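The structure appears below as structure tokens.
The values are calculated or read from the model by the stated rules, or taken from the named source; none is laboratory data. Note that the coordinates shown come from a computational prediction; the quantities given were computed from them, not determined experimentally. Cβ atoms come from the backbone with ideal geometry, glycine included; neighbour counts cover every protein chain shown.
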Ligand code: DGY
């Protein structure tokens with residue numbers, strides 16, 4: 001029997017599946033993030049952590065809690081984890097790949113269409129009492145049909161976004177990856193290009209790469225200046241891959257046409273952020289995987305990882321090399 005600490009409130013069925021194996025479960029019920037020292041305190045009296053949210057699993061935490069038998073993340077991204085330190089301390093780290101690819105791609109697709117048709121802006125205009133005189137050529141959107149989709153980081157989520165765009169809007173797909181994605185080249189006629197070609201040729205550029213030292217801030221003023229003035233930038237991956245100030249300037253100066261963001265840096269975005277007032281910007285509060293079905297699948301995978309770790313088995317979805 002082991003004790004599991006869950007960093008958020010999760011459904012009873014999820015807790016029950018741990019209790020059924022004889023484990024005791026405690027959860028963080030406050031509607032605020034655990035402070036680093038609080039997380040250490042709770043983890044110190046537990047054998048395993050079920051980690052929901054982006055709190056840092058850094059070297060300090062891991063060193064203080066090196067007794068942990070497993071840390072199971074309820075996310076696919078693990079840029080908030082010091083995997084090297086966990087591996088050195090022999091703490092297995094699990095994540096939830098695959099099950100959120102479609103929901104996250106749906107969010108990217110939703111943002112692309114929102115920006116193309118200025119949907120969020122139009123909704124705000126109604127709230128402001130501005131649904132009045134019909135002016136046929138004022139404040140229009142753009143068509144997506146046949147436009148070129150550029151994917152930065154064509155993995156599972158990027159593939160799903162490309163599939164949606166290819167089949168819904170007949171969009172040719174180009175992508176920038178370290179290697180070839182043969183499935184996308186075969187199924188979607190996707191074409192691998194250099195980073196500069198991606199910037200120069202995309203009508204919609206959607207970011208699906210992992211956050212790393214290489215991708216941090218890669219969409220900066222220099223990158224935006226190489227994009228088409230008619231291009232839409234979409235980021236559902238991690239907010240620190242784009243430079244927010246450079247993005248704002250590029251949007252204001254008409255260097256690109258619009259932006260759809262499900263991720264920002266920091267999160268949450270401040271309500272007075274100027275991007276929120278721009279007619280060519282749509283921002284969502286990091287809801288990529290936020291559907292009932294997808295979140296349940298993520299939680300179930302997290303339980304699978306936890307139980308495997310507590311049995312001393314290899315985690316089915318392990319991020320340690
Ligand atoms: C993930 O799973 O990494 C999503 O971004 C949710 O945090």
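Quick notes
- Taking region 272-295 as the range and being within 19 Å of residue 10 (Cα to Cα) and away from the ligand (no atom under 14 Å from the Cβ) as the test, the residues that pass are 292, 293.
- Within region 66-110, the set of residues being within 30 Å of residue 257 (Cα to Cα) and more than 14 Å from the ligand (Cβ to nearest atom) comprises 109, 110.
- Given (1) buried (at least 19 other Cβ atoms within 10 Å of the Cβ); (2) closer than 16 Å to residue 95 by Cβ, index of the condition residue 258 fails: (2)
- Put simply, of 64, 86, 35 the only residue that is under 19 Å from residue 314 (Cβ atoms) and over 22 Å from the mean Cα position of the chain (by Cα) is 86.
- Look at (1) under 23 Å from residue 2 (Cβ atoms); (2) without any contact (Cβ under 8 Å) to a residue 60 or more places away in the chain and you find that residue 101 fails only one, number (1).
- Test for residue 251: is it more than 16 Å from the ligand (Cβ to nearest atom), within 26 Å of residue 117 (Cα to Cα) and in contact with a strand residue (DSSP E or B) (Cβ under 7 Å, 6 or more places away or on another chain): yes
So that you can scan it fast, the table gives a plain yes or no per residue for (1) within 16 Å of residue 73 (Cα to Cα); (2) within 16 Å of the ligand (Cβ to nearest atom); (3) in the same structural domain as residue 76 (by TED's automatic domain parsing):
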{"site": "226", "(1), (2), (3)": "no, no, no"}
{"site": "233", "(1), (2), (3)": "no, no, no"}
{"site": "243", "(1), (2), (3)": "no, no, no"}
{"site": "247", "(1), (2), (3)": "no, no, no"}
{"site": "261", "(1), (2), (3)": "no, yes, no"}
{"site": "265", "(1), (2), (3)": "no, yes, no"}
{"site": "270", "(1), (2), (3)": "no, no, no"}
{"site": "301", "(1), (2), (3)": "yes, yes, yes"}
{"site": "307", "(1), (2), (3)": "yes, no, yes"}
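- Candidates in region 262-281 are the residues that are outside any helix (DSSP H, G or I) and touching a strand residue (DSSP E or B) at 6+ places or on another chain (Cβ under 6 Å); of these, the one that is farthest from residue 218 (Cα to Cα) is 280.
- Applying the set (1) in contact (Cβ under 8 Å) with a residue 60 or more places away in the chain; (2) more than 22 Å from the chain's Cα centre (by Cα) to residue 255 leaves exactly one unmet item: (1).
- Applying the criterion of at least 3 residues that are surrounded by 21 or more Cβ atoms within 10 Å (Cβ to Cβ) to the helices (runs of 4 or more DSSP H) found wholly in region 70-177 leaves 101-116, 156-169.
- Qualifying residue in region 220-232 (condition: crowded, with 23+ Cβ neighbours inside 10 Å and out of contact with any helix residue (DSSP H, G or I) (no Cβ under 7 Å at 6 or more places or on another chain)): yes
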